[in-house]
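What follows is a short report on a single structure.
Laboratory data are not the source of any read-out in this text; all were calculated from the coordinates shown. Remember, predicted model here, so these are calculated numbers, not experimental data. Here the Cβ positions follow ideal geometry from the backbone for every residue, glycine too, while neighbour counts run over all protein chains shown.
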Amino acid sequence: NAVIATEDRRFYSHFGFDVIAFTRAMTANLIKGRYAQGGSTITQQVIKRLLLTPERSYERKIKEAILAYRLEHYLSKDEILTIYLNQTFLGANAYGVEAAARTYFGKNAKDLTLAECALIAGLPKAPSQYNPYRAPSAAIGRQHYVLRRLRELNWITEAEYDAALKQPLV
């Protein structure tokens with residue numbers, strides 16, 4: 001849920017391409033006159049990582065959307081999410097949530113606390129920038145953003161939110 005809240009909150013309701021997120025991102029990019037934010041869904045990110053180049057162009061974005069739509073007809077949402085969670089680079093030579101849990105916290109992903117999950121869920125946006133070894137304050141700031149998103153979506157309670165904010169990360 002932490003990854004979905006941060007990366008693609010409508011993951012379970014769109015068809016591989018989120019028109020609302022794409023429109024928001026395109027508007028922001030046009031206003032700023034440069035690439036300022038992305039609008040890719042988790043499915044599109046899987047397609048980009050496995051099949052396409054990382055170039056930023058509208059042509060690649062169209063290909064990505066078409067392939068994401070097709071992928072959603074072959075795999076379930078949970079299968080796509082599993083691929084994403086296992087293939088995403090999360091910094092410190094960790095690819096996937098399990099590797100990140102062991103790298104950053106020395107434990108299995110199933111044993112992570114909410115605060116630890118939120119830290120890892122914040123890494124896909126910029127793994128080097130939010131690496132807790134190199135930039136602990138940036139990592140904690142991003143973790144707090146993830147926790148806020150979970151709270152805003154009512155996926156965690158106020159008590160869970162407060163407890164996670166107070167948990168020291170080791």
Quiz item: Most fluctuating residue of TYR84, TYR12, TYR130 in a GNM of the chain with Cα springs under 10 Å: which is it?
Solution: TYR12
Quiz prompt | Cα-based reach from LYS48 at 30 Å (exclusive), listing lysines while leaving out same-chain residues under 8 positions away | solution = LYS32, LYS61, LYS63, LYS77, LYS107, LYS110, LYS125
Quiz item: Using the per-residue mean of other Cβ atoms lying within 10 Å as a proxy for protection, in what order, highest first, do the peptides 149-159, 48-58 fall?
Solution: 149-159, 48-58
Practice problem: Counting helices only, and only those DSSP H runs with n ≥ 4, report the 222 nm mean residue ellipticity of the chain as the sum of -39,500 (n - 2.57) divided by its residues, in deg cm²/dmol to the nearest 500. | Solution: -18000 deg cm²/dmol
